[in-house]
1. Go through (1) open to solvent by less than 80 Å² (accessible area, probe 1.4 Å); (2) modelled with pLDDT under 85; (3) not polar (S, T, N, Q) and name the single condition Arg32 misses.
Amino acid sequence: MSFFSAAVAIVAIIAFSVMRIVRYNTEHRGHRDNPAPENDAEKAALRHEVENLRERVRVLERIATDANSSNALDSRRVADEIEALRDR
């Protein structure tokens, strides 16, 4: 084996080892930074917050999909007329 072949093999082994170390550290770092909530009150609060966020997403999806229907256009026109009357 020549010197250059040995050098390439050593560099390949070191690069492989560094990649494995980095992957291990990034996979296990998240578990230490964000530990799971320990008490039931915190878990319940997080569940409640997730449900609120899901409801908001449902509303946003409904707004996005219903914005171009004929009923939505009529509703928007009526709402604009109401706002114009309020401004007077």
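The values are calculated or read from the model by the stated rules, or taken from the named source; none is laboratory data. For clarity, every value in this text was computed on a predicted model and none was experimentally measured. Heads up, the Cβs are rebuilt from the backbone with ideal geometry, glycines too, and the neighbour counts pull from every protein chain shown. Heavy atoms of the whole protein, side chains included, go into the accessibility calculation; ligands, DNA and RNA do not. Shrake-Rupley method; radii C 1.70, N 1.55, O 1.52, S 1.80 Å.
1. (1)
For (1) open to solvent by 100 Å² or more (accessible area, probe 1.4 Å); (2) at pLDDT below 85; (3) in contact with a helix residue (DSSP H, G or I) (Cβ under 8 Å, 6 or more places away or on another chain), each residue gets a yes or a no:
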residue: Ser5; (1), (2), (3): no, no, no
residue: Val11; (1), (2), (3): no, no, no
residue: Ser17; (1), (2), (3): no, no, no
residue: Glu27; (1), (2), (3): yes, yes, no
residue: Pro37; (1), (2), (3): no, yes, yes
residue: His48; (1), (2), (3): yes, no, no
residue: Val57; (1), (2), (3): no, no, no
residue: Ser70; (1), (2), (3): no, yes, no
residue: Arg88; (1), (2), (3): yes, yes, no
